[in-house]
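S.K.: Take a look at the following structure, please.
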Amino acid sequence: MKSPLSSSSSSMGVLRKPRLSPYLFTLFIFIVFITILYGEDFICIFGQLEPIPGRAISRPVKKREKLAFAIGKSEEKCDVFKGRWVRDELTRPLYEESECPYIQPQLTCQEHGRPDTEYQKWRWQPHGCDLPSFNATLMLETLRGKRMMFVGDSLNRGQYVSMICLLHRLIPEHAKSMKSYNNDALTVFRAKDYNASIEFYWAPFLLESNSDNAVIHRVSDRIVRRGSINKHGKHWKGVDILVFNTYLWWMTGLDIKILKGSFEDEEKEIIKVSAEDAYRMAMRSMLRWVRKNMDRKKTRVFFTSMSPTHGKGIEWGGEPGENCYNQTTIIEDPNYWDSNSRKSIMKVIAEEFSKSKFPITFLNITQLSSYRKDAHTSIYKKQWSPLTAEQLANPISYADCVHWCLPGLQDTWNELLFSKLFYP
């Protein structure tokens, strides 16, 4: 009789062949596949082999910080500021002049006798992609409990009014208001049900200047005070979305006078510097203020580039002495550039913004606006001073080729702002 122990011992002495788990087998096959497919790329990344010419490689990419209010991103390789104007009689204008009571009389071209409406029927079409449609409901919901402020000169005020015109129809009459404060330096539109405000603050140089009166500011001898941004900046604190602009007031054709001390000093120390150097000073002050006062996780800052003028018809192939008066067509030349839009200033902006620790969204409206010689207010606006017989006989002499009719071009600026706010 065999001992039970011997039987057990013999069975334990037999070595069982190990079995490979199906999960481990699958993982092994996956690793082999990835190694074959991307092995050379991994080697390239770690610097052990030069990349294979003509082949894209996978590189570790630093994750971009999500900007406040962003809900998506723009299409790959899409520059919304490069494109062309296309006729669109179905969706343009985005509102009627008569429907928006907030447009200043300086911008109501139809009310002041402009005979055509063709300037209202152009839509900006970026190359290779589309602008997202302006969604007033989304914009108002985003502004719920928040403040949006435009800071700058009368061109930024035009964009501010355009934004209100794009939104106000969704707000009942009893639930909206507009008031001015501080001798008209601050204008506030309130959407009461949203506890939201859209505001405009007059500061044509951003820094303190002798042109800070929002009503009486036509000063020929302009002086800007150095290091004075807090004079205005104290009114910008607590804003969630800031839209800056400043350009036209620096372009006097002369050196800029910079005040070193205070406007209250009996003896004032004033130096003269080039427009570029003075503008750089303002940009640095603005960026410093933004860094100290804005929360990059909760707020957004935009800067609108220079708005072109159309005072010299010879530049686009017109007659000598011609300007924007009586212009009803756009400029077709894609390379056209307004001579009053200094590229040297664009260079200053690029250099200073590239150093900014706070993300500034640049609204590059200059080139696309330069094609629109047809969109200015020209003579179709309220004239604050009686016109002389000589002026009436020669409308070109008093045509405003700086500001823009509403509705019109500046609605596109806000479509671009909308695009960059939600899809940066």
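The values are calculated or read from the model by the stated rules, or taken from the named source; none is laboratory data. For clarity, every value in this text was computed on a predicted model and none was experimentally measured. Neighbour counts run over all protein chains shown; Cβ positions are idealised from the backbone, glycine included. For the accessible areas, the whole protein counts, side chains as well, though only heavy atoms, and no ligand, DNA or RNA atoms are used. Shrake-Rupley method; radii C 1.70, N 1.55, O 1.52, S 1.80 Å.
S.K.: Roughly what percent of Cα-Cα pairs across the stretch 112-243 reach past 27 Å?
M.R.: 34
S.K.: Next up: Hey, quick one: spin label on residue 332, modelled 7 Å out along Cα-Cβ, who in the stretch 64-94 has an amide N within reach, i.e. under 14 Å?
M.R.: The answer is 85-87.
S.K.: Can you tally the net charge around residue 127? Count Lys and Arg as +1, Asp and Glu as -1, for every other residue whose Cβ sits under 9 Å from the Cβ of residue 127.
M.R.: +1
S.K.: Something else about it: Quick check: residue separation of residue 104 and residue 230 times 0.36 nm, minus the Cα distance between them. What number comes out in nm?
M.R.: Gain on extension, residue 104 to residue 230, equals 42.5 nm.
S.K.: With all protein chains present, how much of the accessible area of the stretch 74-187 (probe radius 1.4 Å) comes from carbon and sulfur, to the nearest whole percent?
M.R.: Exposed carbon and sulfur together represent 48 percent of the surface.
S.K.: Of 104, 129, 119, whose Cα points farthest to the positive end of the dipole of the stretch 90-131 (charges on the beta-carbon: +1 Lys, Arg; -1 Asp, Glu; origin at the Cα centre)?
M.R.: 129
S.K.: Give me the dipole magnitude in Debye, nearest 20, for the stretch 168-227 about the Cα centre, with unit charges on the beta carbon: positive for Lys and Arg, negative for Asp and Glu.
M.R.: Charge dipole, the stretch 168-227, about its Cα centre: 60 debye, nearest 20.
S.K.: Bin width 5 Å, origin at 0, all Cα-Cα pairs of the stretch 78-148: what percent of pairs per bin?
M.R.: 3, 12, 16, 18, 19, 18, 11, 3, 0
S.K.: May I ask you to list the aspartates and glutamates whose Cα is less than 14 Å away from that of residue 257, ignoring any residue fewer than eight positions away on the same chain?
M.R.: Straight-distance partners of residue 257: 208, 221, 269, 276, 277.
S.K.: Could you state the principal axis extents of the C-alpha atoms in the stretch 248-313, from the largest down, to the nearest angstrom?
M.R.: Principal extents (Cα only, largest first): 45, 43, 18 Å.
S.K.: What order, most packed first, do the peptides 136-146, 284-294 have when packing is the mean number of other Cβ atoms within 10 Å of each residue?
M.R.: Ranked by mean Cβ neighbours within 10 Å, highest first: 284-294, 136-146.
S.K.: Now, a different point. Over the stretch 120-214, how many pairs of lysines fall under 17 Å by alpha carbon, counting only those 8 or more apart in sequence or from different chains?
M.R.: 4
S.K.: Using the Karplus curve 6.51 cos²θ - 1.76 cosθ + 1.60 with θ = phi - 60°, what ³J(HN,Hα) values do you get for each residue of the stretch 321-336, in whole Hz, with x for Gly and Pro?
M.R.: x, 7, 9, 6, 4, 6, 8, 10, 10, 8, 8, 8, 5, x, 9, 5
S.K.: Which pairs in the list 73/373; 268/357; 82/347; 231/268; 73/355 are over 25 Å apart, alpha-carbon to alpha-carbon?
M.R.: From 73/373; 268/357; 82/347; 231/268; 73/355, over 25 Å: 73/373; 268/357.
S.K.: With a probe of 1.4 Å, find how much accessible area the stretch 234-349 has per residue, and write the answer as a whole number in Å².
M.R.: Counting only protein heavy atoms, the per-residue value for the stretch 234-349 is 50 Å².
S.K.: Counting heavy atoms of the protein chains only and a 1.4 Å probe, report the per residue accessible area for the stretch 354-424 as a whole number of Å².
M.R.: For the stretch 354-424, the per-residue accessible area is 35 Å².
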